[in-house]
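The next block holds one structure in the form of structure tokens; read it before the comments.
The values are calculated or read from the model by the stated rules, or taken from the named source; none is laboratory data. Since we're looking at a predicted model, the values are computed, not measured. For neighbour counting, all protein chains shown are included, and Cβ atoms are generated from backbone atoms with ideal geometry for every residue, glycine included. Each accessible area value is taken on the protein alone, full model and side chains, heavy atoms only, with ligands, DNA and RNA left out. Shrake-Rupley method; radii C 1.70, N 1.55, O 1.52, S 1.80 Å.
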Amino acid sequence: MMSYLHNFLKLFTLLSCLFFAMDIRAAASDELISLEAKMLKYMDTNDRETFMKVSEKLKKESKDEGEERMFYKAWGNQAIYEATHQYFDNALKIASEMKEYARQEGSIYGEFAVMHTEAMILLQKQDGQAAEKAFLEALDFRRRHFPNESAAEDLRELMKIAYYRGDIATAKKYGNQLLSEPNVTAHHKGRALYRLCMMAFEENNVEEYNHYYEEMRRLMHTDGIKSVNLYTEVNYHIMNGDYKQALLLVDRLAADTCAERKAIIYHRLGDNEKAYEYMVLFNHISDSIQRVSHDRDVASLYLRMNNDRLRLESELLTHQNSSLRYQFYFALAGIVILILMFLVYQRHKIVRVLKHEKTMLDYGKKGMERSLKDLHELSFYESQTSLPLNIPVNINRLCNHLANITQKHCHRGVTTIFQTVYADDFEVLTNPEAMEKLLLHLLNNAARFTEKGIIWLKCVDTEESVRISITDTSPGYDNLEHEDDANPYSLTHLNVCQSISRLLHGRFWRDVEYTSGIRYIFEFQKTLTDNTTVTDNLWERNEIQLQED
């Protein structure tokens, strides 16, 4: 949990930087925009000297041209850079200097920029509670001083933070605040309502689900946003007990999602045999759910049987004691003591067994909850017909960032290495969030199950496409049809990767010729941005054979 939140916080940091950049782009000059882009290029690198040089130049020219927001943006990013690279004392010192300067200048926006920067530092320190408080203070400040500006993007991320830490009530609070923001876009409303519906479904709160569902329908009719998808429609009929209608629609969902929804429907109808049958189709989650239900029933039955046995034995002993003659008193007393000792031992043994079974039930429940989260992610991507593929992404920066994250979670002695044939400014147009999720699924599993050796993350060029491979030295699995929780490449993860690959107009497959571990390859069409430069040296690098020594 902590590693995803940490990954999420990292992603949130980068997204916030881009968000602030978009906030001032309309007013900045071409030269300032160029400097800003260069600053962001070095934001997630270890080249501190170059980053500080560029950001200082941006600060000076922004101040000279009267671009207040760009000035504080550049200054704040210096603190965020230090925090991202774990230099928290430097980050706090920069934030303190910003605060003092903003107060001397009487800059309202400067005060807001300081509050936002301090919240970002707390996020990097992984102090979620303090960071959330700081963001809320910044949001309150924004509402008071910039009432016409929407904070929907920040509230959406706050909702995700609360949801991923398991605080559903707080997540719903942020979602409802997002819906009431001024000038909030229909797209943000639709995404918030979708997540609120999901949380209401998890809590089996029919009233809340119906409320958000009706809001989504109104949004669809008034703004033309297709917020009510088939998945939400099926859940609506399940929540309201219209299982007949749900079964009529469910077959139009993706195969895995269809099986999981049918399992829920038949479970609510009381047909546990069919529910089990469909859950078996849905990967290892079926085993988790069936095992939890089965073990709970077995434990309960076992306890009742032993209680009945103890009661009957106690009655038998009482009857024997009353019917025995006095001459057998001492012999009977010895027998009773031995039987009582045996019963105490047996009872103690039963208690230990039940405690063990309870532990196994709790473990199964946790596994089930984790698999329900994987299922929600899979269901979301399976239900999408397209994703926006118009955001510039620096492939080297993204992959290097993910490799650094992966290294922190590797077993001792395992090394994560990133190699690329592309120049540092190589960019493509795609969807960064979806691409990062796909690569993280593979890298996280490689880090978890590779106990020694190397994890390779490589980028190579195939003229028309970009090919990214993840190679590790973990034990291979020949039969993917019989996988369990110990298998790093479960069908759930593979299906998520396949779904994302489809939405990114790419291909995803396992390299079966590689036998020293596991290698997966993701390839997508290369759509370059205007900022990308291609030199002869770059194409010469395509001929480099990357050795795995």
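Restricting to the stretch 220-256, give me the number of residues that are among the hydroxyl-bearing types (Ser, Thr, Tyr), within 18 Å of Tyr381 (Cα to Cα) and modelled with pLDDT under 85.
Result for the stretch 220-256: 1.
Checking the conditions here, which among Tyr213, Tyr276 is at pLDDT 90 or above and either in a helix (DSSP H, G or I) or open to solvent by 40 Å² or more (accessible area, probe 1.4 Å) (or both)?
The match here is Tyr213.
Being outside any strand (DSSP E or B), touching a residue at least 60 places away in the same chain (Cβ under 8 Å) and open to solvent by less than 10 Å² (accessible area, probe 1.4 Å): is that true of Leu438 here? Can you show your working first?
Values: outside any strand (DSSP E or B): yes; touching a residue at least 60 places away in the same chain (Cβ under 8 Å): yes; open to solvent by less than 10 Å² (accessible area, probe 1.4 Å): yes.
Yes: the conditions hold for Leu438.
Can we say Ser371 is among the polar types (S, T, N, Q), assigned to a helix (DSSP H, G or I), modelled with pLDDT of 80 or more and open to solvent by less than 40 Å² (accessible area, probe 1.4 Å)? Show your work before the answer.
Details: among the polar types (S, T, N, Q): yes; assigned to a helix (DSSP H, G or I): yes; modelled with pLDDT of 80 or more: no; open to solvent by less than 40 Å² (accessible area, probe 1.4 Å): yes.
Considered against the rule, which asks whether it is among the polar types (S, T, N, Q), assigned to a helix (DSSP H, G or I), modelled with pLDDT of 80 or more and open to solvent by less than 40 Å² (accessible area, probe 1.4 Å), Ser371 comes out as no.
Is there any pair linking a residue in the stretch 87-109 that is within 11 Å of Ile121 (Cβ to Cβ) to one that is open to solvent by 20 Å² or more (accessible area, probe 1.4 Å) and in a helix (DSSP H, G or I), with Cβ under 6 Å and at least six apart or on different chains, and which?
Short answer, once both residue conditions are applied: Ala95/Glu118.
Considering the stretch 116-137 alone, what residues qualify as being closer than 20 Å to Arg69 by Cα and buried (at least 21 other Cβ atoms within 10 Å of the Cβ)?
His116, Thr117, Glu118, Ala119, Met120, Ile121, Phe135
Evaluate the stretch 87-107: report whether one residue or more is within 26 Å of His188 (Cβ to Cβ), more than 22 Å from the chain's Cα centre (by Cα), among the hydrophobic types (A, V, I, L, M, F, W, C) and in a helix (DSSP H, G or I).
Taking every residue of the stretch 87-107 in turn, none turns out to be within 26 Å of His188 (Cβ to Cβ), more than 22 Å from the chain's Cα centre (by Cα), among the hydrophobic types (A, V, I, L, M, F, W, C) and in a helix (DSSP H, G or I).
Condition (residue is of a type in the set (Ser, Thr, Tyr), over 25 Å from Ala423 (Cβ atoms) and open to solvent by less than 40 Å² (accessible area, probe 1.4 Å)) applied to the stretch 84-95: is it met by at least one residue?
Residues of the stretch 84-95 that are of a type in the set (Ser, Thr, Tyr), as a first pass: 84, 87.
Checking which are over 25 Å from Ala423 (Cβ atoms) leaves us with 87.
Pick out the ones that are also open to solvent by less than 40 Å² (accessible area, probe 1.4 Å) and you get none.
No - not one qualifying residue is present in the stretch 84-95.
If a residue has to be open to solvent by 10 Å² or more (accessible area, probe 1.4 Å) and either touching a strand residue (DSSP E or B) at 6+ places or on another chain (Cβ under 6 Å) or in a loop (DSSP other than H, G, I, E, B) (or both) to count, how many in the stretch 394-428 make the cut?
Total meeting the criteria: 19.
As an exercise: evaluate Asp167 against (1) free of Cβ contacts under 8 Å to residues at least 60 places away in the same chain; (2) closer than 19 Å to Val228 by Cα; (3) under 17 Å from the mean Cα position of the chain (by Cα) and give the number of the one condition it does not meet.
Condition not satisfied by Asp167: (2).
Please work out which one of (1) at pLDDT below 85; (2) part of a helix (DSSP H, G or I) is the condition Lys173 fails and give its number.
Of (1) at pLDDT below 85; (2) part of a helix (DSSP H, G or I), only one is false for Lys173: (1).
Considering only the stretch 59-86, state which residues are outside any helix (DSSP H, G or I) and under 24 Å from Gln124 (Cβ atoms).
Applying the first criterion (outside any helix (DSSP H, G or I)) to the stretch 59-86 yields 65-67, 85-86.
Answer for the stretch 59-86, where residues must be outside any helix (DSSP H, G or I) and under 24 Å from Gln124 (Cβ atoms): His85, Gln86.
For the list (1) at pLDDT below 70; (2) closer than 24 Å to His411 by Cβ, I need the number of the one condition that Asn537 fails.
(2)
Among the residues of the stretch 31-81, write down those that are closer than 20 Å to Lys93 by Cβ, within 33 Å of the chain's Cα centre (by Cα) and of a type in the set (A, V, I, L, M, F, W, C).
Once the filter is applied, which keeps residues that are closer than 20 Å to Lys93 by Cβ, within 33 Å of the chain's Cα centre (by Cα) and of a type in the set (A, V, I, L, M, F, W, C), the stretch 31-81 yields Met39, Met43, Phe51, Met52, Ala74, Trp75, Ala79, Ile80.
Looking only at residues in the stretch 235-273 that are open to solvent by less than 30 Å² (accessible area, probe 1.4 Å) and more than 26 Å from the chain's Cα centre (by Cα), which one is nearest to Glu208 (Cα to Cα)?
His237
Taking the criterion of being modelled with pLDDT of 90 or more, under 23 Å from the mean Cα position of the chain (by Cα), assigned to a loop (DSSP other than H, G, I, E, B) and not aliphatic (A, V, I, L, M), would at least one residue in the stretch 498-505 satisfy it?
yes
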